[in-house]
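Quick note: the coordinates plus some simple rules give every number you see, no bench work behind them. Note that the structure is predicted; figures quoted are calculated from it, not measured. Here the Cβ positions follow ideal geometry from the backbone for every residue, glycine too, while neighbour counts run over all protein chains shown.
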Amino acid sequence: MVQKRKKSRRLTIRRREGLKRKVRDTKRKEIRKLRKLEKLKEKVPTSLLRTDEDILLLNQIKKNTEMRQNNPTVINLKLDWCDLLEKCDVFLQILDSRDPEGSRSYEIENEIIKNNKKMIFIFNKTDLITEEVKEEWMSNYTSKGIICISDLDISFYINNNGFNESIFCIIGEKNVGKKKILSYLLSENISIENIHLYETEVKEKNILSGLRNPKAANIFEIKECLNYFIKNISVEKICQFFKTEKFENIEEFFEIIAKENNFYKRNGKLCHKKAMQFILGFFDTNKILFYSSFDINGSKLYNFKLKE
């Protein structure tokens with residue numbers, strides 16, 4: 001009877017080399033750990049290196065963070081509108097000077113008027129429009145019996161009209177500049193407990209809404225805004241500004257921008273969305289100015305200006 005051949009106990013070259021590699025890796029890891037421990041032992045604790053000034057500064061930072069966490073304005077954002085309507089005396093509606101009509105909340109205004117509360121329009125971002133356009137809008141509202149002031153004149157107005165002890169409610173849509181006005185009020189020694197913030201939602205949107213607040217707008221709204229933009233400025237000026245070749249429509253414009261900036265999707269097609277975001281960057285950084293105004297007949301116009 002033929003005996004079966006015993007399996008060799010010798011390691012194969014592949015197995016032997018694999019074990020050697022594992023040993024080398026474990027040794028390397030141990031050496032790294034030892035080096036790290038040695039470095040940590042050599043280090044002086046940061047608490048010993050701090051000077052008295054550094055300690056005072058750190059304590060101040062801790063206090064500021066605690067104040068921010070316990071800030072009444074954060075709680076006031078969560079307050080119900082009905083409670084604010086009863087509690088507050090003066091309502092400051094913050095309007096974007098580039099599009100005051102588009103940043104108004106008519107529902108909120110009607111409720112304030114019904115409750116016989118004082119309402120003031122604050123024109124914010126006045127540096128982005130001309131003095132003529134600002135005065136035109138303000139005179140339009142004052143003729144309707146609405147009090148209008150510029151963001152730069154708010155401190156002067158409050159001091160000269162005896163509002164120092166009033167309870168304020170700053171209202172306005174997202175990213176319109178409510179916190180900026182809050183800082184102005186605090187600089188006039190008005191107690192933070194007497195200031196409330198309330199975020200409104202504008203339902204009636206126009207051409208400039210997507211440019212003023214692109215994060216809140218959808219792609220179709222932004223596309224409509226940009227389409228209006230290229231129709232109201234000559235193609236030659238746009239091509240000169242963006243340093244691109246001529247185009248026929250908005251889709252072709254996106255393609256040219258995407259191609260020149262290498263905006264591609266994973267499937268290799270040109271990405272129009274990234275091209276759109278690239279163009280919006282020029283509006284966001286105020287390289288392209290936009291604002292609404294009136295024509296001779298009193299109709300509203302949407303204007304665009306390319307900065308050189």
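Pairs K87/K144; K125/K300; K134/K287; K7/K29; K63/K180; K7/K27: which are spaced more than 24 Å apart, C-alpha to C-alpha? Show your work: numbers first, answer last.
Working: K87/K144 26 Å; K125/K300 19 Å; K134/K287 20 Å; K7/K29 35 Å; K63/K180 22 Å; K7/K27 32 Å.
Correct reply: K87/K144; K7/K29; K7/K27.
Taking a cut-off of 20 Å between Cα atoms, list the aspartates and glutamates near K39, but don't count ones fewer than 8 places away on the same chain.
Excluding near neighbours in sequence, the set is E30.
How do S293, S187 rank when sorted from fewest to most other Cβ atoms within 10 Å of their own Cβ?
Values: S293 14, S187 10.
By the 10 Å Cβ count, ascending, the order reads S187, S293.
With respect to the cross-link table entries K243/K273; K178/K243; K203/K237; K62/K118; K231/K269; K215/K269, which display a Cα-Cα separation exceeding 31 Å?
Details: K243/K273 20 Å; K178/K243 37 Å; K203/K237 34 Å; K62/K118 38 Å; K231/K269 26 Å; K215/K269 25 Å.
Among K243/K273; K178/K243; K203/K237; K62/K118; K231/K269; K215/K269, the Cα-Cα distance tops 31 Å for K178/K243; K203/K237; K62/K118.
Within region 116-196, report the trypsin sites (Lys or Arg not before Pro) that DSSP leaves as loop and that have at most 10 other Cβ atoms within 10 Å.
Details: sites: K117, K118, K125, K134, K144, K174, K178, K179, K180; in loops: K117, K125, K144, K174.
The qualifying sites are K144.
In debye, nearest 20: dipole of region 93-147 around its Cα centre with unit charges on the Cβ of K, R (+) and D, E (-)?
It comes to approximately 340 debye.
How high is the relative contact order of region 140-255, in percent, counting Cα pairs under 8 Å that sit 6 or more residues apart?
17 percent
Just need the Rg to Rh number for the chain, please, alpha carbons only, Kirkwood Rh. Before the final figure, lay out the partial values.
Details: Rg = 31.5 Å, Rh = 25.2 Å.
Rg/Rh for the chain comes to 1.25.
Can you list the cysteines of the chain that have no other Cys Cβ under 4.7 Å away?
C82, C148, C225, C239, C271
When only Cα pairs under 8 Å and 6 or more residues apart are kept, what is the percent relative contact order across the chain?
Values: 315 pairs, mean separation 44.3, N = 308.
Computed over the chain, the figure is 14 percent.
Loop-only check: which chymotrypsin sites (Phe, Trp or Tyr not before Pro) in region 157-210 are DSSP coil with at most 10 other Cβ within 10 angstrom? Present the calculation step by step, with values, prior to reporting the outcome.
Working: sites: Y157, F163, F168, Y184, Y198; in loops: F163.
Sparse-neighbourhood loop chymotrypsin sites (Phe, Trp or Tyr not before Pro): none present.
Give me the one-decimal Kirkwood hydrodynamic radius in Å for region 72-199, with the sum taken over alpha-carbon pairs. Before the final figure, lay out the partial values.
On the way: mean 1/r = 0.0677 Å⁻¹.
Computed over region 72-199, the radius equals 14.8 Å.
Kindly provide the trypsin sites (Lys or Arg not before Pro) of region 213-308 that DSSP labels as loop, not H, G, I, E or B, and whose Cβ sees at most 15 other Cβ atoms within 10 Å.
Numbers: sites: K215, K223, K231, K237, K243, K246, K259, K265, R266, K269, K273, K274, K287, K300, K305, K307; in loops: K215, K243, K246, K265, R266, K269, K287, K307.
Answer in residue order: K215, K243, K246, K265, R266, K269, K287, K307.
For C225, C169, C271, what ranking results if the residue with the fewest other Cβ atoms within 10 Å of its Cβ goes first?
Values: C225 22, C169 25, C271 19.
Going from least to most buried by this count: C271, C225, C169.
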